[in-house]
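Working notes, structure below.
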Amino acid sequence: MGNLKTKELTQIGYTDNKQRSLAVNMIAKHFKQYSKAEAINLLTNIQQQPDAFLNNEISGKIAETFISNIHEAISTSYELKDQHAPLNIFGEAGIEPSAIKQMELALKLPISLQGALMPDAHSGYGLPIGGVLAAKNAVIPYGVGMDIGCRMALSIIDADERFLNRYTHQIKQAINDHTHFGIDGGLNASQDHEVLDSPRFHQTPLLRKLHGKAVKQLGSSGSGNHFVEFGLMEIYEGNAIGLPPKQYLALLSHSGSRGLGANIARHYTQIAMETCKLPREAQPLAWLDLATETGQEYWLSMKLAGDYAKACHDRIHTNLLKALGLKALAKVENHHNFAWKDTLIDGTEAIIHRKGATPAHVGELGIIPGSMATPAYLVMGKGNDSALYSASHGAGRAMSRKEARESTTGSAVKKILADADVTLIGGSLEENPSAYKNIDTVIAAQQQLIEVQGKFHPRIVRMDKE
C-alpha cells in the first residue's frame, strides 16, 4: 500500500498531527496488507464511531482523540427490570428475531414506558432501526441515532412526465451541479440559511466548534442510503394536500444533519455512557436525564441538528427547482431519527424516540421510501397509540451492507434499474434494490397506522458512489 497523504487524512477528519501520526503508524504496523481504500475505510469508521473502537488495544489511542472532553460528572449504576415494558410489533413475520430481542432489552431500562417495532425494523446499534421507545423524562442518544434529524423532503412540482422526458439531460446536469454526497466536503457555491445565525450555535463549546463545519456542509448529503431523485408522483383522490388527483413531476430527498449531528451524537453518547452505567449488553442504551444540564444541552443540540437537516433539504430543493425553472405546488417533510416530547394515551408525559420511524399522529403527513428502483409512498398518520403514533421510515434492510455487496454485481443492478426505467448517478452495491425488503409488503403491514395519499416512482436518482 502507498503511504497515506496528509490531505487524504485531513479529508476524513484527521485534522491534527497527533491523529495523523497515530493513523499512519497503526496502518504501517498492523494493517500493511490493506489496500489504500480499505485503510481509509477503517480510519473513517474510527473517526465516525470512536466509542466502538475505544476498548481495542490497536485502535483505542486514535479513537480517544475523537472523543470530546467528558463533562466531570458522577456516574450512577442501574439494573435492568426483570420484565420488559409493553411492546407492539407490526409486520412481525418480516422482522429478524435479533431486532425484537434488541427492542425487548431496551424496554427493560428503568426509564422505559412503552415500545413499538415498525415493519421495516432490523438490528442497529442501541435501539434497532425501526424501533420506537417512550421513556420517562430522559433521552437516549443512541435511541435517536448518529444521523440526528435524518429527514425526507418531497416537492410536488407544477410539471409532469413531458418535462421529465424532454429535459432529462438538464435535470441530470442540475443534480450534478447542485448536490454533493459523501462524508466530507460540501457544495462549491457557498450556501446561506437562517439556521446558521441561530444563537444556539453559541450556547455550548461543542456547537461553537461545529459551526464552521455546518457552514461548509449546508445543502449537501451524506453517504449510504441518502439520495436526491426526480420522479413521477401519483396523487390520489381525496388527498390531504388538496391537489387535483393526477400525476406530477416531483423531487424527493433523503439526508440528515451531516457532521454536525454525528459529532453531537458521539459527544453526548460518550457522556451518557460515562455517567449512566448499565449491564454490558445494554450500555449503548445509556441515557441523559432531562433534569440535568447535560440532558438539556443534548436536547438543545439535537433540536438544532434537526433544524439544520431541514435547512439542508431547503437548499437542495430551492437550488434544483431554481436551476430548472420549476415551481413547487406543495412540500411534505418529516424527520425519522429524533426524539419528541409527547403524551401517551393514559396521559403520561413521555419522550418518544423514533430511530428510523416516521411520526404518524392523526392527519400528520410523511414519506416512506422504498429503494433506488422501487416506489416511495406519501402517507397520512392515523394516530395509532399502540404504535406510539409512528410508522415505518422506509422498506428496511433485508441484508447487511456486506451481504448486499457480496450478493450481486454491477451488471445485475444495471438490469434492475433498466427494468424500472431508473437512471442512477453514483450509487453503490450496498444500496442495490435487492438489499431491501419489499416496500409494498411493508406498507401493507401498517394499514392500522397510515393511509396512503400518493405514490412516487423514481426516475433519475443520485446517491453517493462506491
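The values are calculated or read from the model by the stated rules, or taken from the named source; none is laboratory data. Nothing here was measured: the structure is a model prediction, and the numbers come from that model. A quick note on method: Cβ atoms are made from the backbone with ideal geometry, for glycine too, and the neighbour counts reach across all protein chains shown. Heavy atoms of the whole protein, side chains included, go into the accessibility calculation; ligands, DNA and RNA do not. Shrake-Rupley method; radii C 1.70, N 1.55, O 1.52, S 1.80 Å.
Just a few scattered comments:
- Only a single criterion out of (1) closer than 22 Å to TYR125 by Cα; (2) open to solvent by less than 70 Å² (accessible area, probe 1.4 Å); (3) modelled with pLDDT under 90; (4) not acidic (Asp, Glu) is not satisfied by LEU9, namely (1).
- Residue within segment 41-58 that is under 22 Å from THR294 (Cα atoms), touching a helix residue (DSSP H, G or I) at 6+ places or on another chain (Cβ under 7 Å) and of a type in the set (D, E, K, R) present: yes
- Evaluation of VAL215 against (1) open to solvent by 50 Å² or more (accessible area, probe 1.4 Å); (2) at pLDDT below 95; (3) of a type in the set (A, V, I, L, M, F, W, C) (one fails), failing number: (2)
- Filter pass, ILE352 being within 13 Å of MET152 (Cβ to Cβ), at pLDDT 95 or above and β-branched (Val, Ile, Thr): no
- Single match in ILE183, ILE140 (criterion: of a type in the set (A, V, I, L, M, F, W, C), in contact with a helix residue (DSSP H, G or I) (Cβ under 8 Å, 6 or more places away or on another chain), open to solvent by 10 Å² or more (accessible area, probe 1.4 Å) and farther than 22 Å from GLU333 by Cα): ILE183
- Filtered by the rule that a residue be surrounded by fewer than 14 Cβ atoms within 10 Å (Cβ to Cβ) and under 30 Å from ASN263 (Cβ atoms), segment 147-176 gives a lone residue, ASN176.
- Within segment 406-425, considering residues that are open to solvent by less than 40 Å² (accessible area, probe 1.4 Å) and not in a helix (DSSP H, G or I), the one nearest to ASN176 (Cα to Cα): ILE425
- Residues located in segment 147-188, provided they are more than 13 Å from SER221 (Cα to Cα), hydrophobic (A, V, I, L, M, F, W, C) and in a helix (DSSP H, G or I): PHE163, LEU164, ILE171, ALA174
- Residue within segment 437-459 that is closer than 19 Å to SER223 by Cα, in a loop (DSSP other than H, G, I, E, B), of a type outside the set (Asp, Glu) and modelled with pLDDT under 95 present: no
- Residues that are surrounded by 12 or more Cβ atoms within 10 Å (Cβ to Cβ) and polar (S, T, N, Q), drawn from segment 186-212: GLN191, SER198, GLN203, THR204
- For the residues LYS382, LYS402, the requirement of being over 15 Å from the mean Cα position of the chain (by Cα), modelled with pLDDT of 95 or more and among the basic types (Lys, Arg) singles out LYS382.
- Listed by first and then second residue, the pairs with beta-carbon distance under 7 Å, at least 6 apart or on different chains, first residue in segment 412-440 and touching a residue at least 24 places away in the same chain (Cβ under 8 Å), second assigned to a helix (DSSP H, G or I) and of a type in the set (D, E, K, R), are ILE425/LYS172; LEU429/ARG405; GLU430/ARG401; GLU430/ARG405.
- Just one of the numbered conditions (1) surrounded by 13 or more Cβ atoms within 10 Å (Cβ to Cβ); (2) not in a loop (DSSP other than H, G, I, E, B) is not true of TYR14: (2).
- Restricting LEU243, LEU207, LEU252 to residues that are in contact with a Phe, Trp or Tyr (Cβ under 7 Å, 6 or more places away or on another chain), touching a residue at least 60 places away in the same chain (Cβ under 8 Å), aliphatic (A, V, I, L, M) and not in a helix (DSSP H, G or I) narrows the list to LEU252.
- Test result for ILE129, in contact with a His (Cβ under 7 Å, 6 or more places away or on another chain) and more than 21 Å from ASN384 (Cβ to Cβ): no
- Residue satisfying all of: in segment 426-436; outside any loop (DSSP other than H, G, I, E, B) and not hydrophobic (A, V, I, L, M, F, W, C); farthest from the chain's Cα centre (by Cα) among these: SER434
- Checked against the criterion of being open to solvent by 40 Å² or more (accessible area, probe 1.4 Å), part of a helix (DSSP H, G or I) and farther than 17 Å from HIS254 by Cα, segment 305-315 has no qualifying residue.
- For segment 17-39, taking the residues that are without any contact (Cβ under 8 Å) to a residue 40 or more places away in the chain and open to solvent by 90 Å² or more (accessible area, probe 1.4 Å), the one that is farthest from PHE66 (Cα to Cα) is identified as GLN33.
- Restricting the search to helices (runs of 4 or more DSSP H) fully inside segment 60-144 and requiring at least 2 residues that are modelled with pLDDT of 95 or more and over 25 Å from ASP342 (Cα atoms) gives 97-106.
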